[in-house]
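Here's the structure we're looking at; comments come further down.
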Amino acid sequence: MELVKNFSQSKLIKSLFIVFIGSILLAISAKIKIPFYPVPMTMQTLVVLLIGIAFGWKLGVATIALYLTEGIIGLPVFSGTPEKGIGLTYFFGPTFGYLVGFLVTVFLAGKFNYSTNLFKNFIKLVFATSFIYFLGILWLGGLIGWDKPIFKLGVQPFLLAELFKILLATFSINYIKKIRKIF
């Protein structure tokens, strides 16, 4: 019985460590701005996908939840913080829908079964990522008004960069699946 208890504790500690490291990687990815047309690109959405693929949906959702909690309590983990505000003020700003979309995206990316078929894997990742933008424009439209060009403001500038990141994740899946076996 003691062996089972120790095994459960070590598994819990390992899981907590993985979640913590994942939230740090996501925070770092939010701060890295790569010059890209038409807007600078961060690597957040790529890291969200990679966390889902590598950690699975349970640890993936826990990782994103920790990351969001870190931002809500005022740690400058989000892109544009602290320059554009911190905590709840930033969280419930224009990016709220996108941030919540991270949860759905990591869940789907972690739940999908991936094969050696690159096209099928690509479609799965496009579907998962689409929730970031779907929830993002829903929130943005409600915030600034539906009479504004919401798609042009909240999605279109990011499409080329997103395609690039989804392709990177697609071509990385077989390597990442090896990492997932560790968990």
Next on the checklist: Among the listed pairs LYS152/LYS177; LYS33/LYS181; LYS111/LYS152; LYS84/LYS177; LYS11/LYS165; LYS120/LYS181, which have their C-alpha atoms separated by more than 28 angstrom in this model?
Outcome noted: LYS152/LYS177; LYS33/LYS181; LYS111/LYS152; LYS84/LYS177; LYS11/LYS165
Checklist entry - Size of the dipole of the stretch 2-180 about the Cα centre, Lys and Arg at +1 and Asp and Glu at -1 on the beta carbon, nothing else charged, in debye to 20? => result 540
Item to check | Dipole of the chain, positive end: most advanced residue of THR116, GLY136, ILE21 [Cβ charges, Cα centre] | outcome: THR116
Checklist entry - Can you give the FRET efficiency for TRP57 and GLN156, using 1/(1 + (r/R0)^6), R0 = 22 Å, r = Cβ-Cβ distance, to the nearest 0.05? => result 0.15
Checklist entry - How do 113-123, 96-106, 155-165 rank on mean C-beta neighbours within 10 Å, highest first? => result 96-106, 155-165, 113-123
Checklist outcome for this item: Ranked output for segments 147-153, 16-22 by mean other Cβ atoms within 10 Å, highest leading, reads 16-22, 147-153
Item to check | Dimensionless Rg/Rh of the stretch 42-116 - Kirkwood Rh, Rg from C-alpha atoms | outcome: 1.02
Next on the checklist: At 0.890 mPa s and 25 °C, plugging the Kirkwood radius over alpha-carbon pairs of the stretch 78-164 into Stokes-Einstein gives what diffusion coefficient in µm²/s?
Outcome noted: 174
Checklist entry - How large is the Kirkwood hydrodynamic radius of the stretch 1-136, in angstrom, based on all distinct alpha carbon pairs? => result 15.7
Checklist entry - How far is helix 118-144 tilted off the main Cα axis of the chain, in degrees rounded to 10, range 0 to 90? => result 50
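Here, each number is a calculation from the coordinates, and none is a lab measurement. This structure is a prediction, so every number in the text was calculated from the model and none was measured. Here Cβ is always computed from backbone atoms with ideal geometry, including for glycine, and neighbour counts include all displayed protein chains.
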